[in-house]
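Student: To start, I am sharing the structure in question, which I have written as structure tokens.
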Amino acid sequence: MYWERGFSAPLRAITSQLPPTHPYRKQGEEDGEAEADRAPVLALQRFAELVAERERAQPGLLYNELLVECASALASELGITTLSDGAA
């Protein structure tokens, strides 16, 4: 599920707004990776599902637009109304 390592920081910008006990805050455990570089696994899995759904619904959508739309959709699902610049 690490197809989008570069997206883990913006994803953490979303999940950091959740309560500390929320399952989407749990980090993966990659050998040799600093904790700050680990992706929030369940959130990343949900994000991947949103990407797949959106790609099927809008196959011509540009990739960067796809990422922004999916980040916004994930935030919306989680009740987050304000995204930091790094999240979308």
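The values are calculated or read from the model by the stated rules, or taken from the named source; none is laboratory data. All figures in this text were calculated on a predicted structure; none of them were measured in a lab. Virtual Cβ from ideal backbone geometry, glycine too; neighbours counted across all protein chains shown.
Student: Looking only at the stretch 1-35, count how many residues are modelled with pLDDT under 80, in contact with a strand residue (DSSP E or B) (Cβ under 9 Å, 6 or more places away or on another chain), of a type outside the set (S, T, N, Q) and outside any loop (DSSP other than H, G, I, E, B).
Tutor: 1
Student: If you don't mind, there's one more thing I want to ask. When residues of the stretch 37-88 are filtered for being among the basic types (K, R) and either modelled with pLDDT of 95 or more or at positive phi (or both), how many remain?
Tutor: Result for the stretch 37-88: 2.
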